[in-house]
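Student: Pasting a structure below so you can have a look.
The values are calculated or read from the model by the stated rules, or taken from the named source; none is laboratory data. Predicted model only: the values in this text are computed from it and were never measured. Cβ coordinates were reconstructed from backbone atoms using ideal geometry, including for glycine residues, and neighbour counts include every protein chain displayed. Areas reflect the complete protein model, heavy atoms only, side chains present, ligands, DNA and RNA absent. Shrake-Rupley method; radii C 1.70, N 1.55, O 1.52, S 1.80 Å.
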Amino acid sequence: MFDIENEVIETVCEDHEHHKHESIPLPSDEHLFELAEFFSVIGDCTRIKILYALFESELCVCDISEALGMTLSAISHQLRVLKTARLVKSRKVGKSVFYSLDDDHVKTIINMGNQHINEIFGNIIH
């Protein structure tokens, strides 16, 4: 039984004996753990803002900090998390380090999330 926003939904399986012998193919636990970790990394509003900032071009920490109105240390910390998760990559030019999205999948995942949100709430959220 689930309580979703005070609406009780009961789940009933009338033919349970028939279904219990069918196996459901699932990825390995290790794969599922990595997938959950991936979503926990992008499940942070600040990190999503940083990813959005990097959609069009690579930026240095100072540019991202200014664009998001956050401290350099806060941005650096989040970039470290994103880099460890291989969502962003860095390129050093002299003393400056520029960050960009690691690959097109990152933008695709964010865009797919946006499509899902728009289906649920309409285009009221931008």
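Student: State whether one or more residues within region 61-78 are open to solvent by less than 90 Å² (accessible area, probe 1.4 Å) and touching a strand residue (DSSP E or B) at 6+ places or on another chain (Cβ under 6 Å).
Tutor: no
Student: Another one. For region 45-58, how many residues meet the condition of being open to solvent by 30 Å² or more (accessible area, probe 1.4 Å), in contact (Cβ under 8 Å) with a residue 12 or more places away in the chain and not small (Gly, Ala, Ser)?
Tutor: 7
Student: With respect to LEU82, determine if the residue is out of contact with any Lys or Arg (no Cβ under 9 Å at 6 or more places or on another chain), touching a residue at least 40 places away in the same chain (Cβ under 8 Å) and not β-branched (Val, Ile, Thr). Write out each step before concluding.
Tutor: On the way: out of contact with any Lys or Arg (no Cβ under 9 Å at 6 or more places or on another chain): no; touching a residue at least 40 places away in the same chain (Cβ under 8 Å): yes; not β-branched (Val, Ile, Thr): yes.
It is false that LEU82 is out of contact with any Lys or Arg (no Cβ under 9 Å at 6 or more places or on another chain), touching a residue at least 40 places away in the same chain (Cβ under 8 Å) and not β-branched (Val, Ile, Thr).
Student: Same structure again: Are any of the residues in region 93-100 outside any helix (DSSP H, G or I), without any contact (Cβ under 8 Å) to a residue 60 or more places away in the chain and open to solvent by less than 30 Å² (accessible area, probe 1.4 Å)?
Tutor: Here is the first cut: in region 93-100, the ones outside any helix (DSSP H, G or I) are 93-100.
Filter again for without any contact (Cβ under 8 Å) to a residue 60 or more places away in the chain, leaving 93-100.
Those left that are additionally open to solvent by less than 30 Å² (accessible area, probe 1.4 Å): 100.
Scanning region 93-100 turns up at least one residue that is outside any helix (DSSP H, G or I), without any contact (Cβ under 8 Å) to a residue 60 or more places away in the chain and open to solvent by less than 30 Å² (accessible area, probe 1.4 Å).
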